[in-house]
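Taken together, the values in this text are just the output of simple stated rules run on the coordinates, not laboratory data. Every value quoted in this text rests on a predicted model; they were computed, and no experiment measured them. Glycine gets a Cβ as well: all are built from the backbone with ideal geometry, and neighbour counts include every protein chain shown.
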Amino acid sequence: MTSMKKNILEKAFSNLCTAKSMAELYETNFKQVSKYVHATSRGHEAVQIALGMQLLPQDYAFPYYRDDAMLLSFGLKPYDLMLQLMAKKEDPFSGGRTYYCHPSLKDDDKPKIPHQSSATGMQAIPATGVAMGMQYKELQGIEDQAAILSPRAESRGLKPITVCSLGDASVTEGEIAEAFQMAALKQMPILYLVQDNGWDISANAAETRAQNAYEYAQGFHGLEAISIDGANFTESYNAIEKVIKTIRTERRPFLVHAKVPLLNHHTSGVRMEWYRDDLEEARSRDPYPVLKQQLLDAGFTSDEIKEIEKSAKNKVAEDFEKALIAEDPKPEDLFTHDFAPTPITEEVGERTPEGSEKVVMVDCALFAVEELMRKHKECLLYGQDVGGRLGGVFREAATLAQKFGDDRVFNTPIQEAFIVGSTVGMSAVGLKPIVEVQFADYIWPGLNQLFTEVSRSCYLSNGKWPVSMILRVPIGAYGSGGPYHSSSVESVITNIRGIKIAYPSNGADLKGLIKAAYYDPNPVVILEHKGLYWSKVPGTKGATSVEPSEDYILPFGKAWVLQEIWKQEDVETLTIVTYGMGVHWAYNATKNMRDQVEIIDLRTLFPLDEDTVMKSVKKTGKCLVVTEEPSNNSFARALSGKIQEECFKHLDAPVMTIGSENMPAIPLNSTLEETMIPSTEKVKRKIHELLNY
Amino acid sequence: MSKFEFKMPKLGESITEAAIITWFKNVGDTIGEDEMLLEVATDKVDAEVPSTVSGIVEEILFQANEVIKIGETIAIINTNGSASKSVKKDSKPESKTEKKEVKQKKSIPKKLVSAKQNNNTFFSPLIISIAKEQHISYEELARIPATGNDGRLRKSDIFQYIKEGRPFQFVQPTIEHDPTAYRIPQLKLDKGTGEIVKMDRMRKMIADHMVYSKHTSPHVTAYVEADLTEMVKWRNKNKIPFQEKHHCKLTFTPLFIEAVAKAVKDFPMINVSIDEDNIIVKKDINIGMATALPSGNLIVPVVKNADNKNLHELAVSVNNLSKKARENNLNADDIQGSTFTISNVGTFGSLMGTPIINQPEVAILALGIIKKRAEVMETENGDEIAIRSMMYLSLSFDHRAVDGYLGGSFLRKIADYLEQFDTKRTI
């Protein structure tokens, strides 16, 4: 064992005493501090501090909810953490929005901490996304500003690493496998620290796993793993020092499996005395006496040690008093940072340039991405089968890998969670990922990341970490696609707050919206109808467009009144509100009543251009919302309700909705499919029903 | 031989009987289809009832003030009478109505035989708001031919009906009207085409004020003529000395204001405003003078306490206000508190005017152009024709507060003060 510098030991011990004092103080003041749930690091401190002390400002860390000792070792004060403990307004991480020890931080002098959810293990994919981003930047020669500008001189020029902290119980989750797979496959600069205390909440290792994380890591070739005693500070520090040095220079992933005892409750909400059968044994492995002995061995006197302990304890008590009286958030604080402001608010550029050719919708998207990639090194595209060999199953990425290389346009494994969740990390290091799930039918495994990590990052980090990404989702029925290549999912997506959603009906809109999405600092989902990509579905020639110019941008939240009518008193009139394929059904269905029916193409489902909708319905007095989804409990139904609420006094008939039949799937057989989904004819009948109402 | 029994029509779901107010036709009169036959009253509404057939009124079975059950026969009309229109009438108008309703769009609704009630009396929020705007009662709505599914009244039905002149309109119950509300009559004016200039805020305020004033105050205008020869002479003589002494131009306006203020003092009931049932008699005499702004809009700056100012002070005040108006510099205080207003229409060359009262005042004076005219003067040598400087004065007053005697006397008094101008006065 290499001998440890005294100042490192002193600092580590001080951190440990501080963390321990905090845990003890929270127990003493249980009633006061347990209004909101918290967990402490008690028992895990040594390895957390050993890691935390060695991270640099250019590094990215994903500490999880038991890592308060790690946060102290980053230089955060007990006061900072206690503000979050009591959900105070000045909580530096979330402004009182999320629980204790759920950090997100962007301080110049500390490791960067992107937002991570409270769901265990879910941080593995975003963290791996950061490592993938670091690797991408190095490959593309994009400078790491944090390393250049680091306020700590000794760290300048060193390559950054990513640290993902996990509890062993989370390693059994499926998403962890996706993360490990990618880190190992692509040899990313990431350290997975797995703290293994042998417990879930009440379920123990024997019940929940066939192997521990160290053993599990053996299955991921290229992921080197070590196992250490996480309760021994010196051992932990030395082992991690070596690992970090290797990652900084060799740029490959490591897993450090650290055995630790859990000495406090799982969280303040669960009392360990109720179910723990190993408390005695666990206490025998307390890291605190171990480190104390290491100090004595290094020549510290008992008095010096007592002094460190006393001052830590006093500082904790002092900070607690201060935190208790700190200000609570105000009701109006609820409404900030759901989104970062976007610079794209006006339609600019030439939508229909003279002399340009009409192109199919899929090519409008392709050209948009191509123009973006040519202009911005930060822009990259990945997903299933988008790489050079195929260029997307709809040829929506054709030729891009050839033009920009396999590092910027590449295939992923069949990993929707990774495809979606890695963008959190990519965006955190300043990149602009465009990713794709192959079919909307397969978005489900990615929804967890979209909801849990992507959509809430900006809000729960109080605006520090908006996720700038584009998720392209080919969607919709396009003729005999069957139950797993035809589904519509927009109601699920629109139920997630914190993302923007486009659903264009034509190529020009798609191109303009992709551009707007790229420059938007927030996450954007673009639903691209497969039947419109190539105007494959009969009657959808209208989806082809003259390709807009390179500078054409169409902001979100601006609906298009593609068929406008005058207010008419002695003729029955109607507004159709729709999007995507519905626009084509509506347009075709109104062939002989162009001056009776106004059609609004929403273009984006969020933000929603309610003004345009309500103004039109107030003018026409009747409204039909057209969707491709089964109509029950859908976005369209909710919108109908909202229109009804807003326009009630102006309505001459109930707002109606037409969508697919309410069956579980779109069947394969074409007769059944036709029966299931709306069509021009069905929409036409509904229009007549409403006009004649 | 075809005798049609005219029955008391159904006037509303909840109405079982109605009283006859008046018959518009007498026995022997001819009546056309849709022509009003009688007026009836119910506890809900008064309604004019049109005839559903044309013919000759043969019998009237009930007289005014009698209360009749709905459905009871109240008159007999001989449909073989000479008044029959060229259209052949069916003896079963009910069934005919139904037929017509089916092909409502093409039929000429004037021919609708009866105000049959719709069975479907559900009215959408839109229909209700249109009805409210157009002052159409539920009973009337129920009579409009409806073409929607299940006989529902649609937007197009109600507008079609309005377009046709509302053949089944009921007389509007007057209690529902806000008496102060001005309702725009449905005149369907041809507004023509041309460049559209949006009214600015001030223009709109002026418009509102003028409409309100005309609508609120019964205007009466009285005229007098005044011989200003002496005053004009005096002013011409003193124009330059006044300017030299006071560094201030001497126009006619301060001279007029002086005379007006004196007359107001003599007739304090002119210096009032109306507040519902009360008349507020103002202590101060503040004379507003209608002035044009550079934009062309009208504004009324106020000479405060005009009765306490001497000629010099009045001139300063008038000139000062005019200058500020020209330069768009009037402040809020300059245009507040007027109790009586004058408008010098003579400056535009007008002989006289019928000014609109500046609310909430009760009178306004217009001063015409001073013009030399040949006047017959009574002298010691008998009547002579002389060239005199004459001016017409007109006073519009609110007849709610001011009667002809007061208005006329006050107006004459102003003229007297102007005519009896003291030519020896110094500046």
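Results, tabulated for the structure shown:
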item: Environment charge of A:Arg472, counting only residues whose C-beta is closer than 12 Å and scoring Lys/Arg +1, Asp/Glu -1; result: -2
item: Principal axis box of segment A:1-133, alpha-carbon based, largest edge first, Å; result: 45, 36, 26
item: Stretchable slack from B:Lys237 to B:Glu35, in nm (0.36 nm times residue separation minus alpha-carbon distance); result: 65.3 nm
item: Whole-number D in µm²/s for segment B:320-427 (Stokes-Einstein; Kirkwood sum over Cα pairs; 37 °C, 0.692 mPa s); result: 199
item: Segment A:292-328 residues near the modelled A:Lys35 label - backbone nitrogen below 15 Å, point 7 Å along Cα→Cβ; result: A:321-328
item: Whether segment A:176-308 is rounded, prolate or oblate, judged on the alpha carbon gyration tensor where a/c under 1.5 counts as rounded; result: oblate
item: Taking N as its residue count, the alpha carbon Rg of segment B:291-372 over 2.2 N^0.38 Å; result: 1.12
item: Computed over segment A:239-310, Kirkwood Rh from alpha-carbon pairs, angstrom; result: 15.8
item: Share antiparallel - DSSP beta bridges, segment B:203-419, percent rounded to 5; result: 85
item: Relative contact order, percent, chain B [alpha-carbon distance under 8 Å, six or more residues apart]; result: 13
item: Inter-probe distance in nm under a simple model that places probes 7 Å from Cα toward Cβ, at B:Thr379 and B:Asn80; result: 9.0
item: Theoretical ellipticity at 222 nm over chain B - DSSP helices of four or more residues, -39500 (n - 2.57) apiece, nearest 500; result: -8500 deg cm²/dmol
item: Normalised convex hull volume, segment A:258-346, alpha-carbon set, Å³ per residue; result: 272
item: Prolate/oblate/rounded label for segment A:581-645 (Cα gyration tensor, a/c 1.5); result: oblate
item: Long-range amide H partners of A:Val386 with built H, under 5 Å; result: A:Gly392, A:Thr412
item: P(r) tail fraction, the protein assembly as shown - alpha-carbon pairs more than 49 Å apart, %; result: 57
item: Debye, to nearest 20: dipole size of the protein assembly as shown, +1 on Lys, Arg Cβ, -1 on Asp, Glu Cβ; result: 2300
item: Pair A:Ile148, A:Arg497: separation of 7 Å Cα→Cβ label points (nm); result: 4.0
item: Packing-based exposure ordering (other Cβ within 10 Å, fewest first) of A:Arg497, A:Arg209; result: A:Arg497, A:Arg209
item: D_trans [Stokes-Einstein, Kirkwood Rh over alpha-carbon pairs] for chain B, 20 °C, 1.002 mPa s, µm² s⁻¹; result: 79
item: Cα convex hull volume per residue for segment A:342-389 (Å³); result: 146
item: Alpha-carbon Rg/Rh ratio, for segment B:216-308, with Rh computed the Kirkwood way; result: 1.03
item: Distance violations [Cα-Cα > 26 Å] among A:Lys159/A:Lys315; A:Lys77/A:Lys112; A:Lys375/A:Lys500; result: A:Lys159/A:Lys315
item: Percent of alpha-carbon pairs separated by more than 31 Å within segment A:6-328; result: 28
item: Relative contact order computed over chain A (Cα-Cα under 8 Å; 6+ residues apart), in percent; result: 12
item: Rounded if a/c under 1.5, otherwise prolate or oblate - segment A:248-398, Cα gyration tensor axes; result: prolate
item: Peptide B:154-162, shielding by other chains (average Cβ, 10 Å cutoff); result: 5
item: Cα-Cα pairs of segment B:203-419 separated by more than 27 Å (percent); result: 32
item: Expected-Rg normalisation [2.2 N^0.38 Å, Cα atoms] applied to segment A:560-691; result: 1.00
item: Kyte-Doolittle mean at least -1.0, axial Cα span of 30 Å or more - DSSP H helices of chain A; result: A:6-28
item: Whole-number percent relative contact order across segment A:6-328, with pairs defined as alpha carbons under 8 Å at least 6 apart; result: 24
item: Straight-distance crosslink candidates among lysines, where the alpha carbon sits under 20 Å from B:Lys265 and sequence neighbours closer than 8 are dropped; result: B:Lys282, B:Lys283, B:Lys304, B:Lys309, B:Lys413
item: Estimated [θ] at 222 nm from DSSP helical runs (n ≥ 4, -39500 (n - 2.57)) normalised by residues in chain A, nearest 500; result: -11000 deg cm²/dmol
item: Quotient of Cα Rg and 2.2 N^0.38 Å for segment B:266-309, N being how many residues it contains; result: 1.45
item: Cβ-based exposure ranking for A:Arg472, B:Arg154, in which fewest neighbours within 10 Å come first; result: B:Arg154, A:Arg472
item: For B:Val27, A:Val316, order by how many other beta-carbon atoms lie within 10 Å, fewest first; result: B:Val27, A:Val316
item: Mean projected area in nm² (Cα convex hull; one quarter of hull surface) for segment A:358-546; result: 9.8
item: Contour excess over end-to-end distance, with Cα ends at B:Asp403 and B:Ala386 and 0.36 nm allotted per residue; result: 2.6 nm
item: Whole-Hz ³J(HN,Hα) from phi, Karplus 6.51 cos²θ - 1.76 cosθ + 1.60, for segment A:501-506, glycine and proline x; result: 9, 10, 9, x, 10, 7
item: Label-to-label distance, nm, for residues given as B:Asn297 and A:Lys377 (7 Å Cα→Cβ offset); result: 6.0
